[in-house]
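Accompanying notes for the structure given below.
The values are calculated or read from the model by the stated rules, or taken from the named source; none is laboratory data. Please read these numbers as outputs of a predicted model, since none were measured by experiment. All Cβ positions, even for glycine, are placed from backbone atoms using ideal geometry, and neighbour counts span all protein chains on display.
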Amino acid sequence: MINWMGSNMQGCLRTRIGYMPMAETISPGDTIRAQIGEQSELIAVGKNITQIKNIYQHVPTQPVDATARATAQAKLAALPLDAIPALAPLPIGSRLPLSPNPLFVGREADFRTLAHTLKGDATVAIGPATIAAATGGGGYGKTQLAVEFAHRYGQFFAGGVFWLNFADPAGVPAEIANCGGVGGLDLRPDYANLKLDEQVKLILAAWQSELPRLLIFDNCEDESLLDAWRPPSGACRILLTSRRAEWELHLNVQRLPLALLPRAESIRLLHKFRPDLPESAPDLAAIAEELGDLPLALHLAGSYLKCYQWAITPTAFLAQLRSPTLLQHRALQQGRHAQRSPTQHDHNVARTFALSYDRLDASEPVDALALKLLARTAYFAPGVPIPRPLLLASSGSNQDDPEVALQSEDALHRLVELGLLESEANGALRLHRLLARFLQMVSIDDNAQADVEETMSIFAYNDNMSGYPARLLAWQPHLQHVTDCAQLRNDQRSAKLATSLGYHFKAVGDLVGARPYYEQALTIRRQVLGEEHPDTASSLNNLGNLLQAQGDLTTAKPYYEQALTIRRQVLGEEHPDTARSFNNLGLLLKVQGDLTTARFYYEQALVIYKKVLSEQHPNIAASLNNLGSLLQDQGDLATARAYFEQALAIRQKTLGEQHPDTAQSLRRLGRILWKEGKWALAHPYYEQALAIYMLRLGPNHRKTRTVRHILKKLKTQST
């Protein structure tokens, strides 16, 4: 955990953004008795919590006459499940200090989900209360959703709606007691003169009755608090708001994970602050994008645009939001522009995030690992799910060790529990883009970005070399984001990332996308390593290869020649990279029609490979394949076929039956048979190649499309 405390700042939360008062907290196992008397056993929190039955067992249920019960059940039965009811007065006796928000937008699907959960069976009044939890990170609008739901659906709960702030465990008894006096349930004329524990008992008795009520436990983060205060029987329904994403199964909490606002709703919210702007204004959509559709941030941004509409245009405001210090912008902090919060929450995005972040204690092993992982999430692509193995690898821990793997899962569980990360169904983790900015601002982990870059580089290299580029597509946005951020430094690691991303783009057929990254890598290596470094030669070779794939043979040739010159001088005549340059020049010359010179280069490459590599090395298969192709063009089909068969045997053995390079050898053999007029024999080779390309490259890759076209021609010729 960050050392938020200054030497003379006790009781305040110190961040790089400002200061924030800290509430005193109750440690797990502490018992709250100060407000309700030593003799009472009403409430205990933490690991030693008194179970529900011990809190409620001495509280008699408040009786309800049959007519009132039937009327109340009929009203609850009328609660609509599909249509969203209009705002309506709450039943007499309700306690809801928060007003509806005229700026509220969207959430219709969430309303319907809550309605289905909380309505349940209107006639059932036994067993623990039905519990629906609106969960999500800071700023997602959980409390606002609960307020709006209460003002729309509260009319169907005849026993009333009761808002309780659970943020401070010590204050919960007083929150409950406040529901029973004048203006609330008005349980007894002398209610105000009763002791706190007597007031609480009266409320608990009412909660266990058969009269449907809606209890709202706002900011309920502690399972023990919910376990203690939920009625064990009766007709109450509970709607709780929490950052906590996971709850013990025995509590039977029906979770509603809140999503970010859909883009259209984000724009509509901003438009409510600036109705003079058309909803179609591009700047509004761009502002919503920059703020990640986070309701709190959108509310503050809208307030800012309204307050300073004569001083700053939306376009200028958008430019300011794109600053690296976004969270320090006055628009996202408490200020003159920020209207009073409808939920009475802090109007500061960074401090909202800090409420969860500060609960991580670096002196605790699980929290320390959680902080390490969280710091690294900030350097992946913001708002994009991060594959679990990728994130865990960035921590540098040995995930093959069962104990380490379990500790890592505990740390991730802790982050999800605090609402700092969202867990996807496939195990991936998502971090909000504004939270990423916050973490980059407050984290003191100086190795986080370097660790993420190194991890991405290793994963990308391995996937690129595997020959299965489609596997990399799942986290391509992360590779691109990490690479783009690294380019600001112009160092060897950024060049390595640019090379990996360029290679990936080329492998998936995006030749235009690959070029700027190959060019950037070459520029960096020339500046940092010099003109005669082997890595510079690699970048020259890559650009030549890309230009050849684009059909620009004239421009490609000098790149190949420069790479070959460097490698011969620096690495020697018998090095695999020198052989690669010979091979690539042979490929280009063959396309240009200079088969004699091309054959010389091919044979030079094959001689070197056979000297320095094992007999079954894939590079030898590639050389055999190239020589076979050239001999095929020269009309020596028998020799060409022998080379292709050797190449196929090596690739099947070393790369596997479903590798794209194996598919290439199958295509070559099919092509030979086609030229020999043996169409029926050629057909299965192309079919096998197509199956591999479909599996490994996908249906839209250019190689897949080419083989599919050839098969159609073969079918036509065969008939």
*Within the range 572-618, can you find the residues that are surrounded by 14 or more Cβ atoms within 10 Å (Cβ to Cβ), in contact with an Asp or Glu (Cβ under 8 Å, 6 or more places away or on another chain) and over 24 Å from GLU532 (Cα atoms)?*
LYS590, LEU595, PRO618
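Would you confirm whether or not the range 242-264 contains a residue that is hydroxyl-bearing (Ser, Thr, Tyr), within 29 Å of the chain's Cα centre (by Cα) and in a helix (DSSP H, G or I)?
No, that holds for no residue.
Which residue, of ASP283, ASP276, is modelled with pLDDT of 85 or more, assigned to a helix (DSSP H, G or I) and not hydrophobic (A, V, I, L, M, F, W, C)?
Numbers: ASP276 fails: assigned to a helix (DSSP H, G or I).
Checking each option against the conditions leaves just ASP283.
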*Criterion (at pLDDT below 90, over 12 Å from the mean Cα position of the chain (by Cα) and not assigned by TED's automatic domain parsing to the domain that holds ARG243) met by exactly one of SER466, SER457*: SER466
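Of the residues LEU360, LEU327, LEU371, LEU321, which is within 23 Å of HIS481 (Cα to Cα), at pLDDT 85 or above and of a type in the set (A, V, I, L, M)? Write out each step before concluding.
Working: LEU360 fails: within 23 Å of HIS481 (Cα to Cα); LEU327 fails: at pLDDT 85 or above; LEU321 fails: at pLDDT 85 or above.
Matching residue, one of LEU360, LEU327, LEU371, LEU321: LEU371.
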*Quick one: ASP168 ticks every box in (1) farther than 29 Å from GLY183 by Cβ; (2) of a type in the set (Asp, Glu); (3) surrounded by fewer than 17 Cβ atoms within 10 Å (Cβ to Cβ) bar one, so which box is it?*
(1)
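Rundown of residues vs (1) surrounded by fewer than 24 Cβ atoms within 10 Å (Cβ to Cβ); (2) farther than 26 Å from PRO89 by Cβ, yes/no style:
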| position | (1), (2) |
| --- | --- |
| GLU175 | yes, no |
| LEU194 | yes, yes |
| LYS201 | yes, yes |
| ALA206 | no, no |
*If the Cβ limit is 9 Å and pairs must be 6+ apart or interchain, which residue in the range 258-274 that is more than 13 Å from LEU300 (Cα to Cα) pairs with which residue that is among the basic types (Lys, Arg)?*
LEU258/ARG107; LEU258/LYS142; LEU261/ARG107; LEU261/ARG268; GLU265/ARG107
*Report, ordered by the first and then the second residue, all pairs with beta carbons closer than 6 Å, sequence separation of six or more or different chains, a first member in the range 519-538 that is assigned to a loop (DSSP other than H, G, I, E, B), and a second member that is among the acidic types (Asp, Glu).*
LEU529/ASP535
*Could you grab me the full set of residues in the range 692-714 that are without any contact (Cβ under 8 Å) to a residue 12 or more places away in the chain, farther than 19 Å from ASN625 by Cα and part of a helix (DSSP H, G or I)?*
MET694, ARG705, HIS709, LYS712, LYS713
*Hey, does the range 247-259 have a residue that's polar (S, T, N, Q) and either buried (at least 22 other Cβ atoms within 10 Å of the Cβ) or in contact with a Ser or Thr (Cβ under 9 Å, 6 or more places away or on another chain) (or both)?*
yes
*Given TYR153, TYR140, which one is assigned to a loop (DSSP other than H, G, I, E, B) and either assigned by TED's automatic domain parsing to the domain that holds ALA228 or not acidic (Asp, Glu) (or both)?*
TYR140
*Taking HIS299 as meeting all but one of (1) assigned to a helix (DSSP H, G or I); (2) at pLDDT 85 or above; (3) within 30 Å of SER94 (Cα to Cα); (4) not hydroxyl-bearing (Ser, Thr, Tyr), write down the number of the exception.*
(2)
*Residue check: is VAL147 closer than 22 Å to HIS271 by Cβ, of a type in the set (Val, Ile, Thr), at pLDDT 85 or above and touching a strand residue (DSSP E or B) at 6+ places or on another chain (Cβ under 9 Å)?*
yes
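On the basis of being at pLDDT below 90 and in contact with a Lys or Arg (Cβ under 7 Å, 6 or more places away or on another chain), does ALA474 make the cut? Don't jump to the end; show me each part of the working.
On the way: at pLDDT below 90: yes; in contact with a Lys or Arg (Cβ under 7 Å, 6 or more places away or on another chain): no.
No, not satisfied.
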*Scan (1) part of a helix (DSSP H, G or I); (2) without any contact (Cβ under 8 Å) to a residue 60 or more places away in the chain for the single condition GLY656 breaks and write down its number.*
(1)
*Check ALA689, ALA682 and return the single one that is surrounded by 14 or more Cβ atoms within 10 Å (Cβ to Cβ), touching a helix residue (DSSP H, G or I) at 6+ places or on another chain (Cβ under 7 Å), under 27 Å from HIS504 (Cα atoms) and not polar (S, T, N, Q).*
ALA689
*Just give me the residues in the range 99-112 being crowded, with 16+ Cβ neighbours inside 10 Å and part of a helix (DSSP H, G or I), in sequence order.*
ASP110, PHE111
*Subset of the range 383-431 [more than 18 Å from the chain's Cα centre (by Cα) and either within 16 Å of LEU369 (Cβ to Cβ) or buried (at least 20 other Cβ atoms within 10 Å of the Cβ) (or both)]*: GLY396, SER397, ASN398, GLN399, ASP401, PRO402, GLU403, VAL404, ALA405, LEU406, GLN407, ASP410
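If you check LEU543 against the conditions, is it under 36 Å from the mean Cα position of the chain (by Cα) and either exposed (fewer than 15 other Cβ atoms within 10 Å of the Cβ) or more than 17 Å from ALA605 (Cα to Cα) (or both)?
Details: under 36 Å from the mean Cα position of the chain (by Cα): yes; either exposed (fewer than 15 other Cβ atoms within 10 Å of the Cβ) or more than 17 Å from ALA605 (Cα to Cα) (or both): yes.
Against the criterion (under 36 Å from the mean Cα position of the chain (by Cα) and either exposed (fewer than 15 other Cβ atoms within 10 Å of the Cβ) or more than 17 Å from ALA605 (Cα to Cα) (or both)), LEU543 qualifies.
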